[in-house]
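One structure below.
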Amino acid sequence: MRATDFHLFRITVERSKLPFDERSVSSSEIISSAIREKPSHRLPRGANWRIGNVQEYDPAGIFFALGKVTKSTRGLYDEELGDFIEESSEDAIHTYVAVDLEYQVCAIAYKSKVSAKAKYIANNLAKLLGTATVATTGALTFSLSELSDPDEFLQLIRTAIRIASFEMTFSPPNPFDVEEQFHRPMERLLKETAAGRGRTAIFGKALESETIEALARSAASTGNTAKARIQSEQDAKPILRSMTGSPLIISVGDYVTGDEKNKLIAKIRQVYRQIRGGE
């Protein structure tokens, strides 16, 4: 069987108000509840996006189908009547999604017939989740950020002779999120000011590479961006480098049985932990 490419995205739940106890209702529970409801969302052009075939596996894994239902008309010829006729039908093109609720990361199987890019499928999944009862009653919104492979950028950081500046974006947090010294306070700032996204930059004669790597990993693991002005050779000027790696993709063969789906979810966790620094 030909391998299927699953693209990795980070799911974030953003709360504009808290009508419930945040300590008792976690982001994982909210995501799980929204998926199990099997919501639908109709686009202006008529396609109706749906969630179906929801299956729950280990305590923190969900697998489901995601697709769009469209109506079409085709022309037929009726031999008995000797007439041309039109017949209406529904097409339900779909793909599959695996979600690790522990880290709120999902893997979307890319199918070009569903959408031109995996991130377009992810955008429609975010809209779908936002129509679930748990979202509408709690004034919650969902976002899916595509995760990129940070290895090339991290290697530049590790081997740099000098790092003259570093800049990163940050977004509202999921409750467990990352890097305590810097990233978490900045995320809290967004939450307290009701901001959607922030950006910060630091400058110095020679920034400490291990701390910069930790911050870059933090940005990568939350679907944010980073860039640094790096001197890679003696007597050379620092050059601006961006963390714009290729999308993180997990290629798998069969994912039919429960064991195969559990292995896929375990692989999602493994890859995500590597981004965060082998936690």
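Name, by its number, the condition in (1) crowded, with 22+ Cβ neighbours inside 10 Å; (2) within 18 Å of the chain's Cα centre (by Cα) that does not hold for Ile157.
In the conditions (1) crowded, with 22+ Cβ neighbours inside 10 Å; (2) within 18 Å of the chain's Cα centre (by Cα), Ile157 misses (2) alone.
Exactly one condition in (1) surrounded by fewer than 17 Cβ atoms within 10 Å (Cβ to Cβ); (2) out of contact with any strand residue (DSSP E or B) (no Cβ under 6 Å at 6 or more places or on another chain) is not met by Tyr103; state its number.
Here Tyr103 meets the rest and fails (1).
Under 8 Å between Cβ atoms, at least 6 apart or on separate chains: pull out the pairs that start in the range 84-107 with a residue that is farther than 21 Å from Lys38 by Cβ and end on any residue that is open to solvent by 70 Å² or more (accessible area, probe 1.4 Å) and of a type in the set (Ser, Thr, Tyr).
Phe84/Tyr77; Ile85/Tyr77; Glu86/Thr73; Glu87/Thr73; Ser88/Thr73; Ser89/Thr73
Looking only at residues in the range 46-76 that are among the charged types (D, E, K, R) and in contact (Cβ under 8 Å) with a residue 60 or more places away in the chain, which one is most open to solvent (accessible area, probe 1.4 Å)?
The initial filter retains those residues of the range 46-76 that are among the charged types (D, E, K, R), namely 50, 56, 58, 68, 71, 74.
Now drop any that are not in contact (Cβ under 8 Å) with a residue 60 or more places away in the chain, which leaves 50, 58.
Working: Arg50: 102, Asp58: 44 Å².
Restricting to residues being among the charged types (D, E, K, R) and in contact (Cβ under 8 Å) with a residue 60 or more places away in the chain, the top hit is Arg50.
Would you check if there is a residue in the range 187-197 being assigned to a strand (DSSP E or B), open to solvent by 40 Å² or more (accessible area, probe 1.4 Å) and modelled with pLDDT under 90? Quick ask: steps written out before the conclusion?
Going through the range 187-197, the residues assigned to a strand (DSSP E or B) turn out to be none.
No; the residues of the range 187-197 include none that is assigned to a strand (DSSP E or B), open to solvent by 40 Å² or more (accessible area, probe 1.4 Å) and modelled with pLDDT under 90.
Name the pairs: first residue in the range 112-127 and within 14 Å of Leu147 (Cα to Cα), second residue open to solvent by 10 Å² or more (accessible area, probe 1.4 Å), Cβ to Cβ under 6 Å, at least 6 apart or on different chains?
What qualifies is Ala118/His7; Ala118/Tyr110; Lys119/Glu146; Ala122/Leu144.
Could you check how many residues of the range 215-234 are surrounded by fewer than 20 Cβ atoms within 10 Å (Cβ to Cβ) and farther than 13 Å from Ala160 by Cα? It would help to see each step written out before you state the result.
The initial filter retains those residues of the range 215-234 that are surrounded by fewer than 20 Cβ atoms within 10 Å (Cβ to Cβ), namely 225, 227, 229, 231-234.
Remaining after also requiring farther than 13 Å from Ala160 by Cα: 225, 227.
Here the count works out to 2.
Taking the range 140-154, which residues are open to solvent by less than 30 Å² (accessible area, probe 1.4 Å) and small (Gly, Ala, Ser)?
So the first thing to find is which residues in the range 140-154 are open to solvent by less than 30 Å² (accessible area, probe 1.4 Å), and the list is 140, 142, 144-145, 147, 150, 153-154.
Ser145, the sole residue that qualifies.
Report, by residue number, each residue of the range 217-238 that is among the β-branched types (Val, Ile, Thr) and out of contact with any helix residue (DSSP H, G or I) (no Cβ under 7 Å at 6 or more places or on another chain). Spell out the reasoning first.
We begin by selecting, within the range 217-238, every residue among the β-branched types (Val, Ile, Thr); these are 222, 225, 230.
Matches in the range 217-238: Thr222 only.
Would you be able to say whether some residue in the range 64-78 is within 20 Å of Ala266 (Cα to Cα), under 20 Å from the mean Cα position of the chain (by Cα) and not small (Gly, Ala, Ser)? If you could, list the steps in order and put the result at the bottom.
In the first step, residues of the range 64-78 are kept if they are within 20 Å of Ala266 (Cα to Cα); the result is 64-65.
Among the residues that remain, those that are also under 20 Å from the mean Cα position of the chain (by Cα) are: 64-65.
Still in the running and not small (Gly, Ala, Ser): 64.
Yes: one or more hits.
Right, Ile202: modelled with pLDDT under 85, surrounded by 14 or more Cβ atoms within 10 Å (Cβ to Cβ) and either in a strand (DSSP E or B) or of a type in the set (A, V, I, L, M, F, W, C) (or both) or not?
On the way: modelled with pLDDT under 85: yes; surrounded by 14 or more Cβ atoms within 10 Å (Cβ to Cβ): yes; either in a strand (DSSP E or B) or of a type in the set (A, V, I, L, M, F, W, C) (or both): yes.
So Ile202 fits the description; yes.
The values are calculated or read from the model by the stated rules, or taken from the named source; none is laboratory data. A quick note: this is a predicted structure, and the numbers were derived from the prediction, not measured. A quick note on method: Cβ atoms are made from the backbone with ideal geometry, for glycine too, and the neighbour counts reach across all protein chains shown. For the accessible areas, the whole protein counts, side chains as well, though only heavy atoms, and no ligand, DNA or RNA atoms are used. Shrake-Rupley method; radii C 1.70, N 1.55, O 1.52, S 1.80 Å.
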